[in-house]
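Some notes on the structure that comes next.
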Amino acid sequence: EKQAHIQLVRSVQSGRLNVTQLIAAQQYLDALNDRIEQLECLIMQIEEELEQRRQAVLEARRERKILEAIREKQWRRYLRELEREEQNFADEIAGIRYGRAGGDQV
């Protein structure tokens, strides 16, 4: 195919071009145009898929950020609850010590 194209170019340059060669040249150009259309279609499909994947990545990042915020909120809540329990325990211990020292007598 490439060799036929080279021969066609030489014929055009020399000014000797017959009908058969002209038809072959047109068929070659048609084939090239068909291939270009196929490749353009493929490029469009790939670009669409790429955009879909970009959107999926963005959505995953948003979800991850939300989950991290929820996790952080739950962690802070857990720490507050732990501090409250520790304070209750410390208050209970202090009450027991105070009671042993005779502080509960009126």
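Yes or no: segment 10-31 includes at least one residue that is surrounded by 10 or more Cβ atoms within 10 Å (Cβ to Cβ), hydrophobic (A, V, I, L, M, F, W, C), under 39 Å from the mean Cα position of the chain (by Cα) and part of a helix (DSSP H, G or I).
Yes, that holds for at least one residue.
Only one of (1) among the small types (Gly, Ala, Ser); (2) within 30 Å of GLN3 (Cα to Cα); (3) exposed (fewer than 10 other Cβ atoms within 10 Å of the Cβ) fails for ALA101. Which number is that?
Only one criterion in (1) among the small types (Gly, Ala, Ser); (2) within 30 Å of GLN3 (Cα to Cα); (3) exposed (fewer than 10 other Cβ atoms within 10 Å of the Cβ) is unmet by ALA101, namely (2).
Consider only pairs whose beta carbons are under 9 Å apart and that are at least six residues apart or on different chains; among these, list those whose first residue lies in segment 6-24 and is without any contact (Cβ under 8 Å) to a residue 24 or more places away in the chain and among the hydroxyl-bearing types (Ser, Thr, Tyr) and whose second residue is in a helix (DSSP H, G or I) and surrounded by 10 or more Cβ atoms within 10 Å (Cβ to Cβ).
That search, which allows pairs on different chains as well, returns SER11/GLN21; SER11/ALA25.
Could you identify the single residue in ARG71, ARG35 that is over 30 Å from LYS2 (Cβ atoms), out of contact with any Leu (no Cβ under 7 Å at 6 or more places or on another chain), in a helix (DSSP H, G or I) and at pLDDT 95 or above? Steps first, answer last, please.
Numbers: ARG35 fails: over 30 Å from LYS2 (Cβ atoms).
Just a single option satisfies the conditions, and that option is ARG71.
The values are calculated or read from the model by the stated rules, or taken from the named source; none is laboratory data. Here the structure is a predicted model, which is why all the values come from computation and not from measurement. Reconstructed Cβ throughout: ideal geometry from the backbone, glycine too, with neighbour counts over all protein chains shown.
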